[in-house]
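I have placed the structure first, in the form of structure tokens, so that the comments after it can refer back to it.
The values are calculated or read from the model by the stated rules, or taken from the named source; none is laboratory data. Keep in mind that what you see is a predicted model, and the values were worked out from it rather than measured. In this analysis, Cβ positions are derived from the backbone assuming ideal geometry, glycine residues included, and neighbour counts consider all displayed protein chains.
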Amino acid sequence: MSNRTPTTTAPAAAEARAVTPGDTTTVIAIGTKKGLWLATSVDRATWTLGGPHFLNLEVPSVAIDTRGGRTRILAGINDWHWGPTVVYSDDLGATWSEPEDGAIKFPEDTGAALERIWHLRPDTAERPGVVWAGCEPISVWKSTDGGEHFELNRGLWDHPHRKDWAPGGGGATAHTVVPHAADDNTVHVAMSTGGVYRSRDGGGTWEPRNKGIAAGFMPDEEPEFGQCVHRITADAGDPERLYAQNHGGVYRTDNGGDQWISIADGLPADFGFVFLSHPRSAGTAWTIPLRGDYERVPVGTRLSAYRTTDAGNTWEEQHAGLPDGEWNSVLRDAAGVDDHDGEVGVYFGTRAGEVFASTDEGATFTAVAERLPDVLSVRAAVVR
């Protein structure tokens, strides 16, 4: 343990653990500008909200790792005194742990310092213990012990393109890591700005894979790299099929990024940050369009998710239970799906501190939490 003291109160911790052993429980981890909340439910209809944990600390990334019969909640936190790090809890937030020297620390020869942990991604069940992190400055890290210690990926850090990667509006960050479901040598990374990069050798070398993705803010609108890709995700049916929400443009690739095609037709806008894939149904995914790129509010101030069930060929609006007159955006890590055996749940939070949940794959939404701080990250999982 480090000198950092989690600010969870005893009642909040007890409330977060109010789960009967043996129940099938859904947990939502909600990272905000000022702390972390955990919502639990045995029926996904009534929710118990526990927290705050780490009050007044920014929590830009969370993950829930249920592999191996254990539930581990990971949080990338920004402590304004001790610095950014990854903390974890194996008891639904009752206690938190971290390595004494920090989970993520740049080697001295890099001359770099960690600024923010934007993304935490447990790998597949076939790769137990492997957790990925995407960070600012642009870097990718890999853990083999469940997120307790991470090693810098030197292949990406030493890439010759690095000098030309510029910061996006939120900073210079690797914000998405997508490990291949079938090939443990293949990994995709998305960064702002830089675009999509792919490794076929386990992270040893990386190549830009942005053909077809526009960069309207650059003189060459389709450069080899330099795109401001906001999010990528892999399809459940084919790990070589990925979707991308760009800074202007919504895309799909069917060949691991070698060529991207537009799938924006049918959406009210092609700007946004969120892209979610169904965990089991091929061709099913969600995005949340925003009016951009400077306004960044729901189109017509009508907050809606849009779902495709045919890999982006068509889209349907999902608005039931969501507000009109909404002026707040949904950030890239502030959305997730659970892994229920039946209809999966869809969850997201806004910068107004509202968190919405759907138990019928987006057909209807209800509010889980209101008036929280600015929501930065949301993940959900089933705990059995």
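Some notes on this structure:
- Neighbours by Cβ (under 9 Å, 6+ apart or cross-chain): first from region 214-229, closer than 15 Å to Asp293 by Cα; second surrounded by fewer than 13 Cβ atoms within 10 Å (Cβ to Cβ) and of a type in the set (Asp, Glu): Ala214/Glu221; Ala215/Glu221
- For beta carbons closer than 8 Å, sequence separation of 6+ or different chains, a first residue in region 96-122 that is closer than 11 Å to Glu136 by Cα and in contact (Cβ under 8 Å) with a residue 60 or more places away in the chain and a second that is polar (S, T, N, Q) and surrounded by 18 or more Cβ atoms within 10 Å (Cβ to Cβ), the qualifying pairs are Trp118/Ser61; Trp118/Thr173; His119/Ser61; His119/Thr176.
- Elements of the type strands (runs of 3 or more DSSP E) sitting completely within region 223-293 and holding at least 1 residues that are under 18 Å from the mean Cα position of the chain (by Cα) and crowded, with 23+ Cβ neighbours inside 10 Å: these cover 229-234, 242-246, 250-253, 271-277, 285-291.
- Answer residue from region 195-222, given it is of a type in the set (D, E, K, R) and modelled with pLDDT of 95 or more and is surrounded by the most Cβ atoms within 10 Å (Cβ to Cβ) among those: Arg209
- Filter result (more than 16 Å from Lys34 (Cβ to Cβ), among the aromatic types (Phe, Trp, Tyr) and in a loop (DSSP other than H, G, I, E, B)) within region 76-99: Trp82, Trp96
- Hey, Gly76 touching a Cys at 6+ places or on another chain (Cβ under 9 Å) and under 17 Å from Gly31 (Cα atoms) or not: yes
- Taking each residue of region 299-325 that is farther than 21 Å from Thr359 by Cβ and looking for partners that are at pLDDT below 95 and in a loop (DSSP other than H, G, I, E, B) with beta-carbon atoms closer than 7 Å, six or more apart or interchain, yields nothing.
- Selection from region 106-135 of residues that are part of a loop (DSSP other than H, G, I, E, B) and more than 20 Å from Thr186 (Cβ to Cβ): Phe106, Pro107, Gly111, Ala112, Ala113, Leu114, Glu115
- Region 295-344 - residue that is assigned to a strand (DSSP E or B) and among the small types (Gly, Ala, Ser) and, of those, surrounded by the fewest Cβ atoms within 10 Å (Cβ to Cβ): Gly336
- Residues within region 197-222 that are of a type in the set (D, E, K, R) and in a strand (DSSP E or B), tallied: 2
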